[in-house]
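The structure under discussion appears below in the form of structure tokens.
Values in this text are rule-based calculations from the coordinates and carry no lab data. No experiment lies behind these values; they were computed from the predicted model shown. As a convention, Cβ positions derive from the backbone with ideal geometry for all residues, glycine included, and neighbour counts pool all protein chains shown.
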Amino acid sequence: MLNQSTINKVILAGKIDKEPRWHVKNGKRTLNFSFVTTERIKRNGFDELFHEYHQIQANEQVIGKETLNYGTPLYIQGRLQTSPYTDDDAIKRYKTVVVAYSIEPLGF
């Protein structure tokens, strides 16, 4: 059992779902993109595909010289980060993203 220690680690293997976009915040560039993982589950005796969508943020050092486009298969390691924001109706909401610290191309 962990004693006063915590772990915040995410491991994903999937594909880029939407074309990545660069954003600049506080002088730092980050690449943001939607990522989809797919698993096959049995439901009522039939195989069904279940898709889960994740928002990914990665800084320039993590991306390196990789070219990331829609459909690129990747292996991502990172951590979860949740941030509050206020929507157009002045309601406080939360957004959770995966902050990547390792991205590797996959060949599937």
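Looking only at residues of the range 1-57 that are among the hydrophobic types (A, V, I, L, M, F, W, C), free of Cβ contacts under 8 Å to residues at least 12 places away in the same chain and farther than 14 Å from Leu80 by Cα, we find that the one that is surrounded by the fewest Cβ atoms within 10 Å (Cβ to Cβ) is Met1.
Which of the residues belonging to the range 58-98 are in contact with a strand residue (DSSP E or B) (Cβ under 8 Å, 6 or more places away or on another chain), farther than 20 Å from Glu19 by Cβ and without any contact (Cβ under 8 Å) to a residue 60 or more places away in the chain? The answer is Gln81, Thr82, Ser83, Pro84, Tyr85, Thr86, Asp87, Lys92, Arg93, Tyr94, Thr96.
Does Asn26 fit the bill of being among the polar types (S, T, N, Q) and touching a strand residue (DSSP E or B) at 6+ places or on another chain (Cβ under 9 Å)? No, not satisfied. All conditions in (1) within 16 Å of Leu106 (Cα to Cα); (2) of a type outside the set (Phe, Trp, Tyr); (3) over 15 Å from the mean Cα position of the chain (by Cα) hold for Glu39, with the sole exception of (1). Filtering the range 29-48 to residues that are within 17 Å of Val98 (Cα to Cα) and not hydroxyl-bearing (Ser, Thr, Tyr) leaves Arg29, Leu31, Asn32, Phe33, Phe35, Val36. When Val62, Val98 are checked against the criterion of being farther than 11 Å from Leu12 by Cα, surrounded by 12 or more Cβ atoms within 10 Å (Cβ to Cβ) and either touching a Gly at 6+ places or on another chain (Cβ under 9 Å) or of a type outside the set (Ser, Thr, Tyr) (or both), Val62 stands alone in meeting it. Within the range 29-77, the set of residues being among the hydroxyl-bearing types (Ser, Thr, Tyr) and in a loop (DSSP other than H, G, I, E, B) comprises Thr67, Tyr70, Thr72.
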